[in-house]
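The values are calculated or read from the model by the stated rules, or taken from the named source; none is laboratory data. Being a predicted model, the structure only gives us computed values, none of them experimental. Virtual Cβ from ideal backbone geometry, glycine too; neighbours counted across all protein chains shown. Only protein heavy atoms, including side chains, enter the accessible area calculation; ligands, DNA and RNA are left aside. Shrake-Rupley method; radii C 1.70, N 1.55, O 1.52, S 1.80 Å.
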Amino acid sequence: MTLQVASRELTMARIYDDEYVADPYPLYRQIREISPVYWDQHMGEDGAWMVTGYDAALVALRDPRLSAKRPQWDAANAPEDQRPAADAPLNALATQVFVSDPPEHSRLRKLMAKPFLPRAVEAMREQIVQVGNELLDRVLDRGEMDFMGEFAMALPSAMVCQVIGIPPEDRPKVWKRILSWGVLVDGGPLAHDNPQFHLASLAKYMDYFREQIQARRDNPSDDLLGQLTVSFDEGGFDSEEELLGNLIFLLTAGQTTTAHQIGNTALSLLANPEVFERIAAEPSLVPYATPEFMRYDSSVQLTKRRASEPVALAGQQIETGQEIFVWMGAAHRDPDRFPDPDRLDPDRERIQNLSLGHGIHYCLGGQLGQLVNEVAITLFAQRVPNPRADLAGVHRTATPTFRGPHVLPLTFG
């Protein structure tokens, strides 16, 4: 069994370089061509396995021996001079559903699932279309807009905040701290540069949700906040931090991943005008083509696991305690599973898409996110005439876990 070791020149740590923030796929390809499961001494705490092949990623995401927990978020590991301020935010991070294993994972998912069940999501379709049209009505006469701020972020934000129960007047406030959650989940250089700042942002989120929970006790409601407040008071959550951490997760993950996917898809369509023209002429194709749009440039590129016991994966021996980086974005360009993977093909045969996770960790709000994404791209293709992106003005997130533009200037008409 051969151990593939990263050289200084070829390491996934370069994913944070500007050229790979703009386009990570050449780096993925270089590493996958050496080995789909590749030891990189420059990643993780003391090196980590980079999974870039599709089959290996599929196995890693569903293998119960690979834990989703992140021990680096154990408050006991925080430096003494950062405690106790770091304790509550770290505990809130560590108890979120996406980094939990059964049985905790099953319990949390059941508590939060109701608004995201298929019938509940489908009942929101008409409202999603209405809000999307209203957002476009505000900008179409201008002939220009920031596609992200005025449409791609605003639409999922409105829907997720409504499900949770965030009052409309509070939505700009809660947006301000979303970046910190994404930085901490990514765990890259930005997280290490100023962890106290990002943890303090999470602490402010926690304070906000404490106020909202007390408001639901004073005036019960049927929104998710109201339902989870009742569950907490009845002992459904193990701690207040667990409840607050999962409210933060639902709010932040639900908005950012969908917004970035809408932005990625818009950029992909503008870079492939023949596909855009076809979608504009036949918008009914959008639901079928959406998995391909997500495969081609996913808003979620990376998730992490850790071996709870020795595991063999694609010919490599992973030892207990070693960290595994599952690069879904790389797996989606694996030529062994996707012929001509760098081509955007709306007619491509559907193969299990990993953007929303797999197995027990399939995204809790995945169906709502896909519906918002489908509606947004359909309205974009139908209603925005001759759109042109100012590529020099596009600003992308510098956290490869969550890939997408946060500024995308468009002109049209």
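Each residue of the range 235-242 is assigned a 3J(HN,Hα), and the resulting list reads x, x, 10, 6, 7, 5, 4, 5 Hz, derived from the Karplus form 6.51 cos²θ - 1.76 cosθ + 1.60 (θ = phi - 60°), x at Gly and Pro.
Only four residue types carry charge here, +1 at the Cβ of Lys and Arg and -1 at the Cβ of Asp and Glu. Report the dipole size of the chain about the Cα centre in Debye, rounded to the nearest 20.
Once rounded to the nearest 20, the dipole reads 420 debye.
Net charge near Gly236, counting Lys/Arg +1 and Asp/Glu -1 over other residues with Cβ under 13 Å of its Cβ?
Here the charged neighbours net out to -2.
The lysines whose alpha-carbon is closer than 25 Å to the alpha-carbon of Lys69, local same-chain residues fewer than 8 away aside, are Lys110, Lys114, Lys204, Lys304.
In whole percent, what relative contact order does the range 307-413 give with Cα contacts below 8 Å and a gap of six or more residues? Across the range 307-413, relative contact order equals 14 percent.
Computed extension length for Ala22-Asp345: 114.2 nm, one decimal, from 0.36 nm per residue of separation with the Cα-Cα distance subtracted. Surface calculation, 1.4 Å probe, protein heavy atoms: Asp340 sits at approximately 90 Å² accessible.
Taking all Cα pairs closer than 8 Å and separated by 6 or more residues, the relative contact order of the chain comes to 26 percent. Report, to the nearest whole %, how much of the accessible area of the range 339-413 belongs to carbon and sulfur atoms, 1.4 Å probe, protein only. Its accessible area is 54 percent carbon and sulfur atoms.
The orientation-averaged projected area of the convex hull spanned by the Cα atoms of the range 150-269 comes to 8.4 nm².
Accessible area per residue for the chain is 43 Å², calculated with a 1.4 Å probe on protein heavy atoms, without ligands, DNA or RNA. Set against the labelled values [x] 123; [y] 159; [z] 138, volume of the Cα convex hull per residue in Å³ computed from this structure falls on [z]. Treating the range 242-293 as a set of equal point scatterers at the Cα positions, no solvent, please give the Debye-formula log₁₀ I(q)/I(0) at q = 0.17, 0.18, 0.27, 0.30 Å⁻¹. Debye intensities relative to I(0), on a log10 scale: -0.61, -0.65, -1.01, -1.13. Annotation for the range 349-399: trypsin sites (Lys or Arg not before Pro) lying in DSSP loop with at most 11 further Cβ atoms inside 10 Å of their Cβ are Arg350. Stokes-Einstein diffusion of the range 325-380 at 37 °C, 0.692 mPa s viscosity, Kirkwood radius from Cα pairs, rounded to a whole number: 252 µm²/s.
Stokes-Einstein diffusion for the range 290-355, with the hydrodynamic radius set to the Kirkwood value over Cα pairs and evaluated at 37 °C in a medium of 0.692 mPa s, equals 248 µm²/s. Where does the Debye-calculated log10 I(q)/I(0) of the range 47-136 sit at q = 0.12, 0.13, 0.19 Å⁻¹, using only Cα point scatterers of equal weight, no solvent? Rounded to two decimals, the profile gives -0.68, -0.76, -0.98.
Centre-to-centre, using Cα atoms only, the range 49-63 and the range 354-375 are separated by 18 Å. Within the shell defined by Cβ-Cβ distances under 15 Å, the residues around Arg278 carry a net charge of -4, with Lys and Arg each +1 and Asp and Glu each -1. Of the trypsin sites (Lys or Arg not before Pro) found in the range 51-153, those in coil by DSSP whose Cβ has at most 16 other Cβ atoms within 10 Å are Arg65, Arg138, Arg142.
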